[in-house]
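These notes concern the structure reproduced below.
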Amino acid sequence: MEVDGFSAVIVGAGHAGGRAVKVLREEGFKGAVTLIGAEPHLPYERPPLSKEFLQVPGARQCWVLEPDYVYQQDIRVRLGCSVVSIDRGRQVLTLDDASEVAYDRLLLATGASVRQLSVPGYPAAHIHYLRTIADAQALERRLAPEQRVAIIGGGFIGLEVAASARARGCEVMVIEAADRLLPRLGSAEASEHVLCHHIRCGIDVRLGARLAGSDGRRLRLSDGGVLDTDLLVAGIGVSPNIELASRAHLAIDDGIITDEYGRTSDPNIFAAGDVTRQWNPALGRRVRLESWQNANLQAETAARSMLGLPPGRGEPPWVWSDQGSLNLQVAGAPAEIDRTIVRHDDVDGSTTIFQFLGERLVGGITLNRAKEMALIRRVLTDLTSSFDLSMLADASIPLRRAMRAAPATR
Amino acid sequence: MTGKITILVGTMSGTAEMVADALLEAIEDAGLTGRILRMEKARVETLSAGGVWLVCTSTYGTGEVPDNAKALYAALGEQRPDLSKVRYGVVALGDSIYPNTFCFGGKRFDELLSSFGARRIGERLENDSRSPTYPDDAAREWLERWLESLRESSGDASGTATEGAEISR
């Protein structure tokens, strides 16, 4: 490959950034690779932060990019520093210490930052968030039996933190502004299932509630309720870190706009991970996805594009969430659903929700029925396969039997 | 008795569980009996009592066994049971995104079981989630060869006519 001479620079040492470094080398790229990250760590897996890291003191990180690898593959790493500007004409980055780094191909994997919560009367510095190892360690130190923990936000992060805090013996309350948990999921059935799970675990869930204010310790809810709390955690979503791209005048729409190959509006600049709003040909629209899978897939595609290679595999969006004994998996990103089939096992309470547009499966959610997710993802991916709708509601029929394209004949 | 094949499942995302279902179906299609036992429900004593086992497990993070397999894996290591009455096969699931620890979940169990005297039948199946073959298809195909090996091993070593007869139907 005639690309050995050029230099690849990756800004952002999160999952996507780390994965992209590996793909560049795996594809045989011998040129200089520089990884620049704001956190003082090499790229690590974030999913354990809300689980093992909160449940087990001293949990160790799982690397996306191992220190040995960085050394062996001669990756230049600049951690704990940020990029101030991109000079697209000169193809040079300026870092916060005023040093410059030149690039031939640039990947922006700057990720996202947690949305900050503002509570009148409550010191902002005392509010915990969960995004980084440092966040997880700070929160873990505060989790102890009978600590009263109020969690703002009933999304994935909020509920995972709630389950972990409960496992540590805390008294946990979750406050969600919408009328259901996981409102972004778009499935009333799934939200109800998740609500029942957390109530059973002894978590106090307040729906349709907001924080109105505080006297520094006690929180005042919008419905007039008052609660004492020792710890306040906010999980109210993230915002893409687009400032650098924005200053460089790249095309942006709540995320750096890229095509399906991870290319931005500048032919030498690519983007991957939480920060992007990528054109998804299967969905027929641009989407910004915040997930482990998305970071992997986009990093692979963008890294390959940087080398002039065709993209890797396409997969329907997929996320999972472990909340205590509840394993929730979601596949697809349906913009429209006109039919839902619920498959519920009365014995163990597990549930799978199939979402259709016409006859076509457009999404699926499993609640402690993880084994069915692999087949759902298969049907979402392979347009020649489908489910026999008449068999889906009966949880006693193995899902494999309801598949119309017999897998063995593939 | 080795008539019943117990599929021991270690799973994170559910794929190993789905593959176990496919294996059980194929075992039953072959006229044999089987059952699925999730690893968190398995006990060392059940394993050391002997029989035919199929370890079907994914790999988590940097080469770890899945969460539901951790207790069994640790208990085996601590109790060091005599597994000389055990014959087993391994279906290991992995992702070549982690080349250095590919399929380590299955490999770790393989190593542990054989170190306590269990006898592995056939080759280990190592399935890459990036391969174009679906893991359940790969497992069913692998199982055919594995059952052959199992029949052969029943014939030669351990012996009893009943056992051989059961396995070869």
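Below are the figures for this structure:
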quantity	calculated
Set A:A331, A:A302: member being closer than 22 Å to A:L108 by Cα, surrounded by 21 or more Cβ atoms within 10 Å (Cβ to Cβ) and either over 20 Å from the mean Cα position of the chain (by Cα) or in contact (Cβ under 8 Å) with a residue 24 or more places away in the chain (or both)	A:A302
Tally, over the range A:341-372, of residues that are in a loop (DSSP other than H, G, I, E, B), acidic (D, E) and within 13 Å of another protein chain (Cβ to nearest Cβ)	1
Out of A:A188, A:A124, A:A144, sole residue that is surrounded by fewer than 18 Cβ atoms within 10 Å (Cβ to Cβ), hydrophobic (A, V, I, L, M, F, W, C) and within 20 Å of A:V226 (Cα to Cα)	A:A124
Residue tally, condition within 15 Å of the chain's Cα centre (by Cα) and hydrophobic (A, V, I, L, M, F, W, C), over the range B:45-75	9
Unmet criterion (only one of (1) closer than 30 Å to A:G111 by Cβ; (2) out of contact with any His (no Cβ under 6 Å at 6 or more places or on another chain)) for A:L367	(2)
Set B:E78, B:E64: member being surrounded by fewer than 23 Cβ atoms within 10 Å (Cβ to Cβ), within 14 Å of chain A (Cβ to nearest Cβ) and either in contact (Cβ under 8 Å) with a residue 40 or more places away in the chain or farther than 30 Å from A:L65 by Cβ (or both)	B:E64
Filter result (in a helix (DSSP H, G or I) and not β-branched (V, I, T)) within the range B:70-102	B:K70, B:A71, B:L72, B:Y73, B:A74, B:A75, B:L76, B:G77, B:E78, B:Q79, B:P99, B:N100
The one condition in (1) under 16 Å from B:W53 (Cβ atoms); (2) in contact with a helix residue (DSSP H, G or I) (Cβ under 7 Å, 6 or more places away or on another chain) that B:W146 fails to fulfil	(2)
Matching residues, the range A:270-293, being buried (at least 23 other Cβ atoms within 10 Å of the Cβ) and either within 14 Å of chain B (Cβ to nearest Cβ) or of a type in the set (A, V, I, L, M) (or both)	A:A271, A:A272, A:V275
Test: residue in the range A:294-316 that is touching a strand residue (DSSP E or B) at 6+ places or on another chain (Cβ under 6 Å) and within 11 Å of chain B (Cβ to nearest Cβ)	no
Members of the range A:49-92 found to be of a type outside the set (A, V, I, L, M, F, W, C) and in contact with a Gly (Cβ under 8 Å, 6 or more places away or on another chain), listed by number	A:R78, A:G80
A:V161 being on the phi < 0 side of the Ramachandran plot, touching a strand residue (DSSP E or B) at 6+ places or on another chain (Cβ under 6 Å) and modelled with pLDDT of 95 or more	yes
Residue that is nearest to B:D136 (Cα to Cα) [pool: residues in the range B:81-102 that are within 14 Å of chain A (Cβ to nearest Cβ) and free of Cβ contacts under 8 Å to residues at least 60 places away in the same chain]	B:D95
Failed item, numbered, when A:F29 is tested on (1) among the aromatic types (F, W, Y); (2) within 14 Å of chain B (Cβ to nearest Cβ); (3) surrounded by 18 or more Cβ atoms within 10 Å (Cβ to Cβ)	(2)
Qualifying residues in the range B:103-153 (those that are outside any helix (DSSP H, G or I) and within 13 Å of another protein chain (Cβ to nearest Cβ)) - the one surrounded by the most Cβ atoms within 10 Å (Cβ to Cβ)	B:N127
Unique residue being within 12 Å of chain A (Cβ to nearest Cβ) and surrounded by fewer than 23 Cβ atoms within 10 Å (Cβ to Cβ) when the list is B:A20, B:A42, B:A30, B:A26	B:A26
Test: residue in the range A:381-391 that is more than 14 Å from chain B (Cβ to nearest Cβ), out of contact with any strand residue (DSSP E or B) (no Cβ under 9 Å at 6 or more places or on another chain) and surrounded by 15 or more Cβ atoms within 10 Å (Cβ to Cβ)	yes
Every residue from the range A:114-124 that is outside any loop (DSSP other than H, G, I, E, B) and without any contact (Cβ under 8 Å) to a residue 12 or more places away in the chain	A:A124
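The values are calculated or read from the model by the stated rules, or taken from the named source; none is laboratory data. In this text, all values refer to a predicted model and were calculated from it rather than measured experimentally. Please note: Cβ atoms are built from the backbone with ideal geometry, for glycine as well, and neighbour counts cover all protein chains shown.
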